[in-house]
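Here is the structure we will look at, set down as structure tokens.
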Amino acid sequence: MTYCVGLYLEEGLVFLSDTRTNAGVDHVSVFSKMQVVEHPGERVLVMLSAGNLAITQAVWNRLQEGVWLQHERHTLSTSPSLFHAAQLVGQAVRDVFQADGAALQSQGVGFEISLLLGGQIAGGPTRLYLIYSAGNFIEATTDTPFLQIGEIKYGKPILDRSVGYATTSMADAVKLVLVSMDSTIRSNLTVGLPLDLLLYRTDSLHVALQKRIAEDEPYWQSAREGWSRALRDAYTAMPPPDWLPPGV
């Protein structure tokens, strides 16, 4: 499994993904779940993937070669809008299912894939989509300014409490996604380092930062230790319930 998260903010987009891929406890590998299409001044598109590695790689390869949509062949480099790009990714997912779905089912393997796609194309707004295994998708909004795929439950509470489209800065967003990832890594062995982080500022049309975060990254170490300490301090500072019996 994996954990990927994308934040949709007034300032821009923040993406974070882990890299752990496992086929059992004794077969753990590192594969990037982040793919980037960047043509500075014209477009930036970022795709994060979760699910069966062979399926996600097949979808990405089809997108690179070109996918037929509405009687035309396109790649993410030629899609005229982010909405069209999301449709293109959905069609690529359906094409892979058409080609491999029956064979996977015959081996007892489910067709497991989910994708985050976000970015900006010149002349259009920043957008962030979650694309499901059926090829359909939903979009992040100002009311719901983040999307997750993979092992989402451990890292969701901090985002629910803290992320706001207009109120969360890019710097705070980085802290939040790292805390969200740390919470997931601590609770699920199928999610692990190194991490891939990407920042995109609205209307810049180029990647602001793309960084690989390893276990020995000083800020990662200080962030996870500081968050653990802050949680301990918070609950110990809370007064006990007034209905506890004496001596408890």
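Against the numbered list (1) closer than 23 Å to T142 by Cβ; (2) of a type outside the set (A, V, I, L, M); (3) surrounded by fewer than 16 Cβ atoms within 10 Å (Cβ to Cβ), E11 comes up short only at (3).
Suppose we filter A237, A230 for residues that are over 29 Å from G192 (Cα atoms), more than 20 Å from the chain's Cα centre (by Cα) and of a type in the set (G, A, S); which single one remains? Residue meeting the stated conditions: A237.
Among the residues of segment 146-181, the ones that are hydrophobic (A, V, I, L, M, F, W, C), part of a loop (DSSP other than H, G, I, E, B) and within 13 Å of the chain's Cα centre (by Cα) come to 1 in all. Evaluation of A99 against the conditions (1) closer than 25 Å to G6 by Cα; (2) over 21 Å from the mean Cα position of the chain (by Cα); (3) of a type outside the set (K, R) shows that the sole unmet condition is (1).
Each residue in segment 42-73 was checked for being in contact with a strand residue (DSSP E or B) (Cβ under 9 Å, 6 or more places away or on another chain) and not in a helix (DSSP H, G or I), and 15 of them qualify. Candidates A85, A99, A92: the one that is part of a helix (DSSP H, G or I), out of contact with any Leu (no Cβ under 8 Å at 6 or more places or on another chain) and without any contact (Cβ under 8 Å) to a residue 60 or more places away in the chain is A99.
Every condition in (1) surrounded by fewer than 18 Cβ atoms within 10 Å (Cβ to Cβ); (2) among the aliphatic types (A, V, I, L, M); (3) assigned to a strand (DSSP E or B) holds for A230 except the one numbered (3). Selection of first residues in segment 171-189 that are under 14 Å from L231 (Cβ atoms) and of second residues that are aromatic (F, W, Y), restricted to Cβ pairs under 7 Å at least 6 apart or on distinct chains, gives the following pairs, ordered by first then second residue: V179/W227; D182/W227; S183/Y154; S187/Y154.
Within the option set L130, L193, being touching a helix residue (DSSP H, G or I) at 6+ places or on another chain (Cβ under 8 Å), closer than 23 Å to G51 by Cα, surrounded by 15 or more Cβ atoms within 10 Å (Cβ to Cβ) and among the hydrophobic types (A, V, I, L, M, F, W, C) holds for one residue only, L193.
For segment 202-241, residues that are more than 28 Å from G12 (Cα to Cα) and β-branched (V, I, T) total 1. Residue check: G110 meets all listed conditions (1) assigned to a loop (DSSP other than H, G, I, E, B); (2) surrounded by 13 or more Cβ atoms within 10 Å (Cβ to Cβ); (3) within 23 Å of the chain's Cα centre (by Cα) but one, namely (2).
Against the test of being part of a loop (DSSP other than H, G, I, E, B), in contact with a Leu (Cβ under 6 Å, 6 or more places away or on another chain), surrounded by 13 or more Cβ atoms within 10 Å (Cβ to Cβ) and at pLDDT 95 or above, the options L76, L116 yield a single qualifying residue, L76. Scan segment 119-138 for residues that are touching a Leu at 6+ places or on another chain (Cβ under 7 Å) and under 15 Å from G12 (Cα atoms) and the total you get is 9. Taking each residue of segment 224-248 that is free of Cβ contacts under 8 Å to residues at least 60 places away in the same chain and closer than 16 Å to G155 by Cα and looking for partners that are of a type outside the set (A, V, I, L, M) and surrounded by 10 or more Cβ atoms within 10 Å (Cβ to Cβ) with beta-carbon atoms closer than 8 Å, six or more apart or interchain, yields R224/D182; W227/D182. Among the residues examined, L69 does not qualify as under 19 Å from the mean Cα position of the chain (by Cα) and of a type outside the set (F, W, Y).
The values are calculated or read from the model by the stated rules, or taken from the named source; none is laboratory data. Worth saying up front: this structure is predicted, and the values here are computed from it rather than measured. Counting neighbours? That spans all protein chains shown, and the Cβs are built from the backbone with ideal geometry, glycine included.
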